Every structure is written in C-alpha cells, then in structure tokens.
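I have placed the structure first, in the form of structure tokens, so that the comments after it can refer back to it.
Every read-out reported here was derived from the displayed coordinates using simple, explicitly stated rules and does not represent laboratory data. Since this is a predicted model, take the numbers as computed values, not measurements. Ideal geometry is used to build each Cβ from the backbone, glycine not excepted, and the neighbour counts take in all protein chains shown.
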Amino acid sequence: MSSKCQALRLDGVRKSFGKNEVLKGIDLDLAEHEVVCLIGASGSGKSTLLRCVNLLEPIDEGRIVVLGEEITAHGVKVNEVRRRIGIVFQAYNLFPHMSVLRNVTLAPRRVLGVSKDVAEAEATALLGRFGLAERRDEYPDRLSGGQQQRVAIVRALAMRPELMLLDEVTSALDPELVAEVLNVIRELAEGGMTMLIATHEMSFARDIASRVCFLDAGRILEQGPPTEIFSNPKEPRTKQFLERIIEAGRL
Amino acid sequence: MSVGADPGRGSRILGDLRGSGQGSIWIATASTIVFAAIVVAVIVTSPGWPAVKKAFFNREIFVDSFPEIARAFLLNIRIFLIAEAVILVFALLIAVLRGLPGPVFFPIRALAVVYTDLFRGIPTILVIYILGFGAPALQLSWLERFTPLFWGIVALVLVYSAYVAEVYRAGIESVHRSQEAAARSLGLSQPQTLRFVIIPQAVRRVIPPLLNDFIGLQKDTALVALIGPIEAFRQSQIDVAATFNYTPYLCTALLFVLLTIPMARLTDWLIARDRRRQLAGAA
C-alpha cells in the first residue's frame, strides 16, 4: 500500500464541526524529507488539517497514514502516534509553570522514559543549537515571542519526531521576530526533516517548500512546486488569493 | 509579552496600590489611632459598659481560664490539621473525577455532582449531628471503635471537600484548552497531562480561595463540640457555667483570631504576589 519513502498520506479526509464541514475530502502525499506548505485564507481548513494529522481532532471519513501505519485505524495507540509527530502551534502553548528546560524535558522523561540527566543533556544541546542555551532556566513569560516559539520547536524536536507539523508558527510574532523563527525552520528543512507547514509567509513558502498546496473551503484546489503556484497559478481562486496577498505586501 | 517590558508602568501601579511614602504612613497611623480612640470612647461611655466590663472583660477569670482553654484549643488545631490534609487530597480527587471525559464515566461524574450538591446544601452542623449520632446508632460492630471526634472530623471533611472540590474545578477549567493540546501532542497521556500540566497550573491559581475556605474550616472546628469532644469552645462553656461570667468566651474568640489572622495575611500576600506576577507577565 505505501511506498517505503512515504512519510504521510491523506486519503479523502473529511472533518465537520457540527454542520460546518471544514475538510471536504483531502488527498495529500508527503515523501520523506519533503517540505510542503499549506497556504490559503483563514478558515480554509489549514489548522484543522494539521490537528487531524496529530489526532488532536478525530476525522469523520477517510484515512491518514504516517510512515506506512494507518493512524486513523481502530485500536491505534494515540499516544504512540503523537510521539512520532511533532506539532508547533501559533500561540506557542509553552507550559508557563515550568522553566524552559523542564518544558523541553517533560515529554522525553515521562513519555519515552529517558533519565533526567540524559534528557537534560540532550535538551541543553538542542537549546544551544537554536541559540537558547542561556534561556535554559528562564520561565516562558520572561522570553520574547520569537524565543518562546523557538523553545516550542525545540520541545517538539526533543521527542525526535519523524514528521513535524507547523501551524502558522509566525502569525503571533512581531514582524522583527519572524526571521529568527523562520531561520530555525529553514535549518530543520536543510537537515532533512519532513514538514507540513501551514503559513501566511508566502516568500518563506516559496523559498523552503518543495511543494505548495492551496487550500480553499476545505479542499486542496491546486498544488505544485512553489515557482509554478506563485508565478503561474491555474485556478482563479488561487490567483485571487495571491493577488490579495501581494496587495497586502506579503509576497 | 516582550522582554523589554516598560519597568515604570508596573511599579507605578504597585506604588498606587500601596500608597507608599513616609507621609502616607504617618497619615495612616494617625487616622487609625483617632478611629480606635473614638470606638473605645463610645464603648466605655455607654450606660451598660460597667456591666459588660464585669461580664466579659474580667481579668482574673481570663487568667484563670486561659490555660485550660488554650489546652483545649490544641484539639481544634489537631482537628483542623487532620481535616485540612484529607480535604486537600479528597477534594482534588472529586474535582478530577467530575472532569473525566467520555460517556463511560457518566456515573462517576454524576456521583461527584450529587456529592458536591448534597454537602454544600446541608448545614455543617446537621452533617455533624447526623454522622455523630447516626453512625454509632447503626450498631455495626466495626463502627464502634470510632469516636465522636472521628465522626466530627469526617463531617468537616465531607462538607469542606465539597466546597474545595468546586474551587479546584474552577481552577482546572481556567487552564486553557491549548495547554492540554500541547501536552497531548507531545504524547503525554490524559492522566499525565492532568498531573504535570493542568493541575499544577490550576492549584497555583486557586491558592487564595483555597486558603479562604480553610479559614472557614478553622472556625467550624468549634462545631465538633456539639457531639461531645471538649475543644476550646466547649471548655469555655464549662468555664462560663462555673463562673457565671462570659470572659472565657472572649478568651476562646481571641485564640481563634490568633489562629486565623496569620492565615488571612498569608492569603492577602499570595493574592498580591499573584497580581504582581500577572502585571509582570502582561507588561
């Protein structure tokens, strides 16, 4: 069913909240080491799609396959699926009552059973790699938005995920802090991390993505290499969306 | 929420709250003295004062009855400490049970709701009577070894746990859903999420109302006297009956105040600290 290098596959995924159908049959493939960006207006279903892949929202129809394993099948251990998939949220969602170090080491220690010393050594190394070594013992409230979001990325990475989901991770940041977070993501992409990224940063998507998917009202309307989508979109809705983005000065 | 928070803003707000400065300290002291002097003057010049003074403020009787009442008061402290420790754990359990998700746990959730409704509804004094007189009346041999003191503590635990469980629940519900999503997305199980992420944040937020409930509990330890144990209030009743003078009541009241005031100040301090933190966080 699944080729060896397939990281993620969605087959006809549907999701409704009450009467509102947010995802109307999504088909999507991600090869290993591929970086795919989801673009589209607010409410087009980007966040819901990511939350479904991480099983934070149960889907109504279809199937989701991660590295050859169908995670939407009955009897799948949800917690084991989640530890293989990292997700970073728009609002960081750091644990405010824990230091940066404890934020990062909590899951490795409690979920993977890594010893305290090993977890802390690994976390310190990861934090150092992303320029956060000196923030190790600070509490999240004391950090800038960009630093908090980088900690959130490190926290997800500490679980050694095979797939990363990024949900508009720069949308809550001051413009001058966006670059530091995007650089971290760029570094991950260069390191070969498979990523599915919902973003409003079109120039970033153009730089980093191997493929861009345009979501509109719960459907993937158009997808292809960024050069094609951004310079020569076929669907009128995609053109309209990109024109509005250009007007807003974001491309 | 940036690092470069404006340091002037937070401190200026706190300055206003405290009304700090040498001048205002003197004004506060002077106005307090004047106020107290007026109150004392009104009381001691009232027509009934000599009689009240004799009945309530008798120095000799105070000195005579104080040691025994203080000794009895140790029982109040014991009741309070035992009940509080049990309540802290039991109420948290009730609050967690009430928040269990899914249809399977409906009976448990329902039970938790019935429990909190019931014991917040019945006056404490009735719960003490019902347990203190009712449980022994069942004449079950395994119940016989329990003393009235035991039933009194059980009654206080049942009543106050119902309140404290609601306080905990409010705290748990005040933690944003995104915290749960973040924890679950890292692979933490539901119980782990509660233990490491939700409950620590919830408990921090509810410490002031929690302490407030415990001040109430400290006072209600006196109700246990109604089913037998001789604690401070009952001891003072005995002394009053022996001396035909109310001073022992005043003595007991003083002891309760001495116990609750540190608790009240601690609560204030924690609330103030919380506010400072929020200001620092929001700056």
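Quick look at the values:
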| read-out | value |
| --- | --- |
| Most positive-pole-ward Cα, A:105, A:194, A:232, against dipole of chain A from beta carbon charges | A:105 |
| Ellipticity estimate at 222 nm from DSSP helix runs (n ≥ 4, -39,500 (n - 2.57)) divided over chain B, nearest 500 | -26500 deg cm²/dmol |
| Computed Rg/Rh of chain A, alpha carbon atoms with Kirkwood Rh | 0.97 |
| Length added when fully stretched, residue B:257-residue B:244, from 0.36 nm per residue minus Cα-Cα | 2.3 nm |
| Overall dimensions of region B:61-282 by Cα: Rg and Dmax, Å | 20.9, 70 |
| Stokes-Einstein translational diffusion, region A:69-130 - Kirkwood Rh over all Cα pairs, 1.002 mPa s, 20 °C, in µm²/s | 160 µm²/s |
| Kirkwood Rh and Cα Rg combined as Rg over Rh, evaluated for region A:1-82 | 0.95 |
| Protection-proxy order for peptides B:183-189, B:168-174, A:71-77, B:135-141, each taking the mean of Cβ atoms within 10 Å per residue, highest first | B:183-189, B:168-174, A:71-77, B:135-141 |
| Alpha-carbon Rg with Dmax, taken over the protein assembly as shown, Å | 31.8, 102 |
| Protection proxy ranking, peptides A:185-194, B:117-126, average beta carbon neighbours within 10 Å, highest first | A:185-194, B:117-126 |
| Added length on full extension, which subtracts the Cα-Cα distance from 0.36 nm per residue, residue A:190 to residue A:172 | 4.0 nm |
| Charge dipole of chain B about the Cα centre (unit charges at C-beta), most positive-ward option of B:243, B:257, B:165 | B:165 |
| Between region B:216-237 and region A:9-26, the Cα center-to-center distance that results, in Å | 63 Å |
| Dipole magnitude (debye, nearest 20) for region B:61-282, charges at Cβ of Lys, Arg, Asp, Glu | 920 debye |
